[in-house]
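A.B. asks: Below are the structure tokens for one structure; questions will follow.
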Amino acid sequence: MDESAGQSKPGGPAATHSDVGASLATRAGFPSPGDRPFHVAIAALAFGLALAEAGPELALAAAGGLGALVLFLGAPRQRAPRLGAIAAALVLAGAAIGELRVHAIDGPAGRVRDWEAVDLRGQLLTAPRPGQFGSSAEIAVVGGRLHGARLLLRIARWAPLPASAGPGSELALEGRLSALGKRPGDEPGGFDFAAHLRRRGIAGELMLERARLTGARRGGVAGLLDRARSRAERAVGAGMAPDHAALLRGMVLGQDERIGEGVREDFRASGLAHLLAVSGQNVMLLVALALPFLVLAGVGLRMRLAVLAGLIALYIPLAGAGPSLQRAGVMGLAGIAAMAASRPASRSYALLLAAAATLAWNPRAWADPGWQLSFVAVAGILALGLPLQRVLRRAADELLPSSSRAVRVVAAGLADGVAVTVAATVATAPLLGHHFGKVSLASLPANLLALPAVAPAMWLGMLKAAVGQAGGAGEPAAQAIGALASPAVGYISRLAELFADLPGGQVGLPLGSRAAVGAAYGALALAALGLRRAARPLSPHALAAAAHWRHLPRGRRLALAGALVALAAVGAGSALGPPGPPDQLTVRFLDVGQGDATLIQHPDGTTVLFDGGPPEAGVARLLRRAGVQRLALVVATHPSRDHQGGLVEVLRRFPVDALLDGGDRTRDAGFRAVLREAAARGVRRIRATAPLGIALAGGRLRIRVLSPAPRPPGPPPEDPNPRAVVALVSAGDFDLLLSADAESEALLPLDLPDVEAMKVPHHGSSDPGLAEVLERTDPELAAIEVGANTYGHPTPSTLAALARAHVKTFRTDRHGTVTLSVLPKGARVDTER
């Protein structure tokens, strides 16, 4: 009798569910769970850890569902039930462990009493990070009822920390506690900042009232790292301009608090923001850039991996060792282990171990966008980057057959960097769309063009940090290395500027649900498979082309390569070049949020800027978009952060001929910073007191200062608004009234002419005399420069007065940047939205 009688083939009538599932998995190209029991176990544990706050019912349902899935897909048949039961048990164990860990993390939060006045000591964990209303930093409480709690310190501009305070300093602090939770005015469905802080292990907030240094510092290993990091920080910035030093600190140490908001926005919009933070992708890139040098030095495989792991182990503490940095280090080590493994199964196991380790430390980490992006970036590098790496290395060998070993090693390193960059960029795109609603199409070309400069910038920066550990003895070397690093950093910064403003560089990708994200990743997987299949028929042609290339004379190959590079450079230059000046007089009421910034452009290229908005608005980027390359005049109307805050960045990033100083001899620190920057750059300074006339563009553009009049000696007034610069800008028959925050009380005593357009004073605040101002000036158009605010701007009374005067009114909070073009037969208004 045939021994196979009575048995069924997989998928036949008598096949079990496990056989059917295993057959389906095999046909889809995936291994059966039965073939990867350790993968299933570690994945189940990580899944359970992520369910720490889901509740027992959901954890039980998830355990049962995963066990059933393993049973359905498992093979061989006899091992499937046992493996399914183990997977279900590990899900429940992970959920229980995660719940205990969450309770431990949240323990200090239960001791934070909302709005309690406290007097405590705390160690500063991070450098203060500037924000719209001040700055913030993390502290660890030392002693007392809150000992060990991590708090977010809220530092108002009028109550700063001592200037010499830095990470590791101990401070005596007075203020009021604030428990984490929703605040009045938080938008439903908006960003949950309290949940974000809980994921970081923050127990509450402390609204600072007073702070002083105690003289003590953090001790132990943490104290040694504080001092090493402080020396590294000084050394990394040595011998470089302040803006380049700030960027290099961000790239090497993850310190981006000194980088201007406009520069940060450039890096975000161009897809280069990951260079300013220590992420899993950056650690992998660091590894890819280090590997060729180790190969060139003849270091064996195991020693290479040991050196790279040691490099990460040294680098992460030096960069601050915060939660995000620890996660990046774990992901980077997993990536090294995965790259070293010859089998795909071992690579995925290393990544699963990294996920389980980071979730065991903080079960909430999976909900953090940074964790998701770091995990997916490394997964993308392993899934897409390694195959692409092999293809690129093979292509480099084909194109450089007779080159020296050093050239081939450098080419291999460049191929690895390109593979890492492409894979991480593609893999993170759906998540970026989910969290931020848009993705940068400019990201991939920007990252590829930045790659040749990233390697020298990061390695020179790390070398500076290393020589800085010698203290004063290493300072000359750090300054000399700074001169070498500056060109690379400047090149990356310029790339960010160019690609941030690239038309169509960003596209909306509103993947609002997890199902949409899953569908996007499914589409990417299908596209990758399609490309792989489509490339197979091309392989013979590619090999033939490579053979033909190798047989060309060396001189001809170099000439062809040079021609291609030159052609690409010309094309990139034309695509990335700034727009020219407009063909007609153009006034742009720039959307800088709750603040003022008005740009006037004459057809001959003469450009004038009235105010620069708050520093976080990034007005310099808006100027570049408008084609500004030089400013004939910058007007600082009065000391107010939402008017002069962005002008320091403008002065740093554009040539400026003259500054009209409306500071009224102020003592305001922010305004004095503008004056210092202007003096440092040799900008001519003109005091803005009436009467004053300025002629530009050969007299075709005139600016007449109507107010304020000179004031007698003495301290400046407490309220600077009434003495803000009031100016009339004229070109031909067109007149524009700009009055900053000076309202009718300051305007009505002036000799006000009829005007074609005006900026509504003080963001549209309540002004009983506005109706009379409108009657005397009779404007046809008005713009209100306003953003989200708690002042009620623009007020109903102001809007009603404009409507009664039949003035066509535009608002930057609703219309975005408002562009007024003065034409021969009138004016045209275009809005951003």
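A.B. asks: Report the extension gain between ALA690 and ARG390 in nm, rounded to one decimal, defined as 0.36 nm multiplied by the number of residues separating them, less their alpha carbon distance.
C.D. replies: Numbers: separation 300, 0.36 × 300 = 108.00 nm, distance 7.05 nm.
Going from the current span to full extension adds 100.9 nm.
A.B. asks: Take the solvent-accessible surface of the protein heavy atoms, probe 1.4 Å, and return the percent of it on region 598-649 that carbon and sulfur atoms account for.
C.D. replies: Its accessible area is 47 percent carbon and sulfur atoms.
A.B. asks: With r as the distance between the Cβ atoms of LYS825 and SER230 and R0 = 56 Å, compute the FRET efficiency 1/(1 + (r/R0)^6) and round to 0.05.
C.D. replies: Taking R0 as 56 Å, the efficiency between SER230 and LYS825 is 0.30.
A.B. asks: Now, a different point. Give me the number: length gained by fully extending LEU69 to GLU53, i.e. 0.36 nm times residue separation minus the C-alpha to C-alpha distance, one decimal in nm.
C.D. replies: 3.5 nm
A.B. asks: May I ask what percent, to the nearest 5, of DSSP beta bridges between residues of region 651-724 are antiparallel?
C.D. replies: 55 percent
A.B. asks: Put a dot 7 Å past each Cα toward the Cβ at ARG681 and LEU564; how far apart are the dots in nm?
C.D. replies: 4.1 nm
A.B. asks: While we're here: Stokes-Einstein diffusion coefficient for region 584-703 at 20 °C in a medium of 1.002 mPa s, Rh from the Kirkwood formula over Cα pairs: what value in µm²/s? Walk me through the numbers on the way to the answer.
C.D. replies: Details: Rh = 14.1 Å.
Value of D from the Cα-based Kirkwood radius: 152 µm²/s.
A.B. asks: How long is the gain from GLU718 to LEU60 if the chain were fully straight, where each residue apart is worth 0.36 nm and the alpha carbon distance is subtracted?
C.D. replies: Full extension of this stretch gives 230.5 nm more.
A.B. asks: Per 5 Å bin, what is the whole-percent P(r) computed from every C-alpha pair distance within region 652-776?
C.D. replies: Going out from 0 Å in 5 Å bins, region 652-776 shows 2, 10, 18, 21, 20, 16, 9, 4, 0 percent.
A.B. asks: Right, another one. Any idea how far apart ALA216 and ALA516 come out in nm if each label point goes 7 Å out from Cα toward Cβ?
C.D. replies: For ALA216 paired with ALA516, the spin-label model returns 5.1 nm.
A.B. asks: All other residues with a Cβ under 9 Å from the Cβ of VAL619 taken together, and with Lys, Arg as +1 and Asp, Glu as -1, what is their net charge? Show your work: numbers first, answer last.
C.D. replies: On the way: positive: ARG621; negative: ASP611, GLU649.
That sum, taken over residues with Cβ under 9 Å, equals -1.
A.B. asks: Among 690-698, 767-775, how do they line up from the highest to the lowest mean number of other beta-carbon atoms within 10 Å?
C.D. replies: With the highest mean Cβ count within 10 Å placed first, the list reads 767-775, 690-698.
A.B. asks: Something else: With a Förster radius of 51 Å, plug the Cβ-Cβ distance of ASP119 and PHE293 into 1/(1 + (r/R0)^6) and report the FRET value to the nearest 0.05.
C.D. replies: Step by step, r from the Cβ atoms, then E = 0.45.
A.B. asks: Let me ask something else. Between HIS806 and ASP192, what FRET efficiency follows from the Cβ-Cβ distance if R0 is 56 Å, with the result rounded to 0.05?
C.D. replies: 0.80
A.B. asks: While we're here: Compute the distance in nm between two label points, each set 7 Å from the Cα along the Cα-to-Cβ direction, one at ALA179 and one at ASP754.
C.D. replies: 6.5 nm
A.B. asks: Another question about this same structure. Heavy-atom accessible area per residue, region 632-749, 1.4 Å probe: how many Å²?
C.D. replies: Details: 5010 Å² over 118 residues.
Accessible surface, normalised per residue, equals 42 Å².
A.B. asks: In addition: Leaving out ligands and nucleic acids, note down the accessible area per residue over region 356-450 with a 1.4 angstrom probe, in whole Å². Mind showing how you got there, number by number?
C.D. replies: Working: 3810 Å² over 95 residues.
With the other protein chains kept in place, region 356-450 gives 40 Å² per residue.
A.B. asks: Further, regarding this structure: How about region 141-236: which chymotrypsin sites (Phe, Trp or Tyr not before Pro) there are in a DSSP loop, with at most 11 other Cβ atoms within 10 Å of their Cβ?
C.D. replies: Values: sites: TRP158, PHE191, PHE193; in loops: TRP158, PHE191.
Sparse-neighbourhood loop chymotrypsin sites (Phe, Trp or Tyr not before Pro): TRP158, PHE191.
A.B. asks: Tally Lys/Arg at +1 and Asp/Glu at -1 over every other residue whose Cβ is under 13 Å from the Cβ of GLY215; what's the total? Please list the in-between numbers first.
C.D. replies: Values: positive: ARG121, ARG212, ARG217, ARG218; negative: GLU170.
So the environment of GLY215 carries a net charge of +3.
A.B. asks: Keeping all protein chains in position, work out how much accessible area GLU780 exposes to a 1.4 Å probe, and write it in Å² to the nearest 10.
C.D. replies: The value for GLU780 is about 120 Å².
A.B. asks: Whenever you get a sec, compute what percent of the accessible area on region 660-806 sits on carbon and sulfur atoms (1.4 Å probe).
C.D. replies: Answer for region 660-806 is 52 percent, counting heavy atoms of protein chains only.
A.B. asks: Once neighbouring chains are kept in place and the probe is 1.4 Å, which whole percent of the accessible area of region 117-178 is contributed by carbon and sulfur?
C.D. replies: Working: 1420 of 2640 Å².
Taking all protein chains in place, region 117-178 shows 54 percent carbon and sulfur surface.
The values are calculated or read from the model by the stated rules, or taken from the named source; none is laboratory data. Bear in mind that the values here come from a model prediction, so they are computed numbers and not experimental data. So basically every Cβ, Gly included, is an ideal-geometry build from the backbone, and we count neighbours across all protein chains shown. SASA here: full protein model, heavy atoms, side chains in, ligands and nucleic acids out. Shrake-Rupley method; radii C 1.70, N 1.55, O 1.52, S 1.80 Å.
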